[in-house]
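To keep things clear, I will list the structure first and then write my remarks on it.
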Amino acid sequence: MSAAVTANAFSCIVAAALVLHYVVEQWLLRRQLRHVEASRATVPAPFTSKIPLSDHQRAADYTMVRGRFARVEDFVGLVVTALFLWGGLALLWRATDALAATPIAREVALLACFGAISSLISIPFNYYSTFHIEERFGFNKTTRATFWLDLAKGSALAVALLLPLAALVFWLMRSAGSLWWLYAWIAFAAFQMLMLLIYPSLIAPLFNKFEPLAQGEVRDAIEALLARAGFASNGLFVMDGSRRSAHGNAYFTGFGRSKRIVFFDTLLARLDTGEIVAVLAHELGHFRRRHIAKRLALMALASLSLFALLAWTLTQPWFFTAFGFAGDTGRSAPGVALLLFALVLPPLLFWMTPLGAAYSRKHEFEADRYAAEVANRDQLVSALTKLYRDNASTLTPDRLYSAYHHSHPPAMIRIRALEAH
């Protein structure tokens, strides 16, 4: 088979995968919207005494509005990806010729331009989501000044952190010989570990204010739980989540000795002491069942495999001629290959999405069981019910949509599993 035929065949495969991904997403989304709307009139049996019909209907309306908005986002994403793959990226590569004096600098400029264009396209969607959808349902607390300031800070961080990493990877691709992909993976993995270490103390405070959890009943109960679980952290903190949103949450951040436990102030305002302890016990379950370590190991293995696949791709001229580049682009401009690879991969691997979601839901069930062992099961059920209600999370997702997308089990299945424990 000639190189031209192979290139055309690969281009068709990617186009088919891109369209198939879009069609599957839209089919699942239509199922979700129909199911949520059909279930809107009645609160599901496990929640009839706990969640008013008005709150259930609000959650259904919120889900449907966000789903319809997602249709527009998905279509724009399809068009933008297609434009970049079939002509746009090649055009942008030619345009960067005058922006930099060295090959690596030009590749970094290409990445910066691609990132800037992608961000500009996403801004209207983020703005509408924040100031129309979230505000309509009473969740948005972000001012327009904060929105634009967050955008500026995020962009500055991306430039300061990601572009130097990209320059290092591009240099390794050119200079480190046949094992460049292994060295690049090591650099990438080291960067991820560094981010885990510095995020709690250096990056997160750029966006939110963190204060130590005040002494009192809640802190005493949490410290008693941590002592029972044998868990050491670098502090208990309250984050001013209410500055941006009415949604509530709690999470662990950091790695090793830099681990922190962070509560949104909105969460502390909604739950009583026993419920807060139960939610924290669930998060502790992820550490005690080694979910974090397992996910990090899986991500490391996946990224290593992708770097190895990219190294092979660089030697295949059809990969580049399929999208308007010269056949020797893998040797002359490996940075272009990295960006092109990143565009091609998602439509080809979209079928793996439900596998990752199922793996995550398995961990959620395990963390719930751990929480039921070290805290009060009924208080965890009560806390989850309040969070579903206050965050307007639908209680009636479509089964297939949830299996494909959701990293957490549906409300009814999750609570039934806890009550059966």
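Rule-based calculations on the coordinates, nothing more; no lab input. Given the structure is predicted, the values throughout are model-derived calculations rather than measurements. Because the Cβ atoms are built from the backbone with ideal geometry, glycine has one as well, and the counts that use them run over all protein chains shown.
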Within-12-Å neighbourhood charge of residue 70 [Cβ basis; K, R +1; D, E -1] = +1
Mind checking the full-extension length gain between residue 50 and residue 199? Use 0.36 nm per residue of separation minus the Cα-Cα distance, one decimal, nm.
-> 49.9 nm
Relative to the chain, whose Cα atoms define the longest principal axis, helix 53-83 and its Cα axis are tilted in degrees, nearest 10, by 10
Karplus-derived HN-Hα couplings along the range 173-187 (A = 6.51, B = -1.76, C = 1.60, θ = phi - 60°), whole Hz, x at Gly and Pro = 4, 8, 10, 9, x, 5, 9, 4, 5, 6, 5, 5, 5, 4, 4
What is the Cα centroid distance between the range 195-240 and the range 71-136, reported in whole angstrom?
-> 36
For each of 318, 148, 86, count neighbouring Cβ atoms within 10 Å of the residue's Cβ, then give the residues from fewest to most.
-> 148, 86, 318
Of the convex hull enclosing the alpha-carbon atoms of the chain, the direction-averaged projected area in nm² is 21.6
Step through the residues of the range 162-169 one at a time and calculate ³J(HN,Hα) from phi using the Karplus curve (6.51 cos²θ - 1.76 cosθ + 1.60, θ = phi - 60°), rounding each to whole Hz and writing x for Gly and Pro.
-> 7, 5, x, 4, 4, 4, 5, 5
Could you let me know the centre-to-centre spacing of the range 153-181 and the range 257-321, using Cα atoms, in angstrom?
-> 22
Using a/c under 1.5 as the rounded threshold, could you call the range 133-217 rounded, prolate or oblate? The axes a ≥ b ≥ c are square roots of the C-alpha gyration tensor eigenvalues, and prolate needs a/b larger than b/c, oblate otherwise.
-> prolate
Cα-based helix-to-principal-axis angle, 377-390 vs the chain, degrees rounded to 10 | 60
Applying the Karplus parametrisation 6.51 cos²θ - 1.76 cosθ + 1.60 with θ = phi - 60° to the phi angles of the range 279-292, what ³J(HN,Hα) value in whole Hz is obtained for each residue in order, glycine and proline being reported as x?
-> 4, 5, 4, 4, 5, 4, x, 4, 6, 5, 8, 6, 5, 5
Can you give me the pair-distance distribution of the range 113-262, C-alpha pairs, 5 Å bins, whole percents?
-> 2, 7, 12, 14, 15, 15, 12, 10, 7, 4, 1, 0
The range 74-144: Cα Rg divided by the 2.2 N^0.38 Å rule of thumb | 1.50
Among 397, 347, 52, determine the one that fluctuates most according to a GNM of the chain built with springs between C-alpha atoms less than 10 Å apart.
-> 52
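How do 231, 139 rank when sorted from fewest to most other Cβ atoms within 10 Å of their own Cβ?
On the way: 231 16, 139 19.
Arranged by neighbour count, lowest to highest, 231, 139 become 231, 139.
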Where does helix 353-374 land angle-wise versus the long Cα axis of the chain, in degrees 0 to 90, nearest 10?
-> 30
Give me the distance in nm between label points sitting 7 Å out from Cα along the Cα-to-Cβ direction at residue 290 and residue 217, one decimal.
-> 3.9
Tell me what the chain gives for mean residue ellipticity at 222 nm when only DSSP H runs of n ≥ 4 count, each as -39,500 (n - 2.57), the sum divided by the residue total, rounded to 500 deg cm²/dmol.
-> -22000 deg cm²/dmol
Net lengthening on full extension, residue 152/residue 352 (0.36 nm per residue, minus Cα-Cα) = 68.7 nm
Those lysines that a straight Cα-Cα span of less than 23 Å connects to residue 209, excepting residues fewer than 8 apart in one chain | 141, 153, 259
For the chain, with only Lys/Arg (+1) and Asp/Glu (-1) charged at the beta-carbon, what is the dipole magnitude about the Cα centre, in debye rounded to 20?
-> 300
Give the long-range amide H neighbours of residue 245: residues separated by 5 or more places, or on another chain, with amide H under 5 Å away, using H modelled in the peptide plane at 1.01 Å from N.
-> 141
Env charge @ residue 99, Cβ radius under 14 Å, K,R +1 / D,E -1, value 0
Zone residues, the range 208-249, relative to residue 273, backbone N less than 14 Å from point 7 Å out along Cα-to-Cβ | 214-225
Per-residue Cβ contact counts at 10 Å, fewest first, order 65, 72 as 72, 65
